[in-house]
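**Q** What follows is a single structure, and I will ask about it in a moment.
The values are calculated or read from the model by the stated rules, or taken from the named source; none is laboratory data. Because the structure is predicted, anything quoted here is derived from the model rather than measured. Methodologically, a virtual Cβ is constructed for each residue, glycine included, from the backbone with ideal geometry; neighbour enumeration extends over all protein chains shown.
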């Protein structure tokens, strides 16, 4: 006849099994998170039209869109200023600088 199991032995064995399951779930979760990060990183480099080089370059057009200040103007004058009796037209706002399009080669061609 087999030896009878005591409650303390059963409880100890159950706790050991639960500890193994917890460790296995932690490893599975960590592996899934790491795999997701790797997949997202690879896919983000394959999206057409995105380039880390183009995003890293400073945008010179945003800094030059504000018009330069033109000396003090009296409150009675509009955008044109009077210099020596002659009316001078206002200074036009600078136009944004055009960049050549970024070409990305390869990929699946969606």
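**Q** Given the criteria out of contact with any helix residue (DSSP H, G or I) (no Cβ under 9 Å at 6 or more places or on another chain), at pLDDT 55 or above, exposed (fewer than 10 other Cβ atoms within 10 Å of the Cβ) and not in a helix (DSSP H, G or I), does residue 69 qualify?
**A** yes
**Q** For residue 84, state whether it is at pLDDT below 55 and over 26 Å from residue 105 (Cα atoms).
**A** Spelling it out, it is not the case that residue 84 is at pLDDT below 55 and over 26 Å from residue 105 (Cα atoms).
**Q** Give the range 28-61 a look and list any residue that's modelled with pLDDT under 55, surrounded by 10 or more Cβ atoms within 10 Å (Cβ to Cβ) and assigned to a helix (DSSP H, G or I), or say none.
**A** Across the range 28-61, the qualifying residues are 54, 60, 61.
**Q** Is it fair to say residue 25 is more than 30 Å from residue 89 (Cα to Cα), surrounded by 10 or more Cβ atoms within 10 Å (Cβ to Cβ), at pLDDT below 90 and out of contact with any strand residue (DSSP E or B) (no Cβ under 6 Å at 6 or more places or on another chain)?
**A** no
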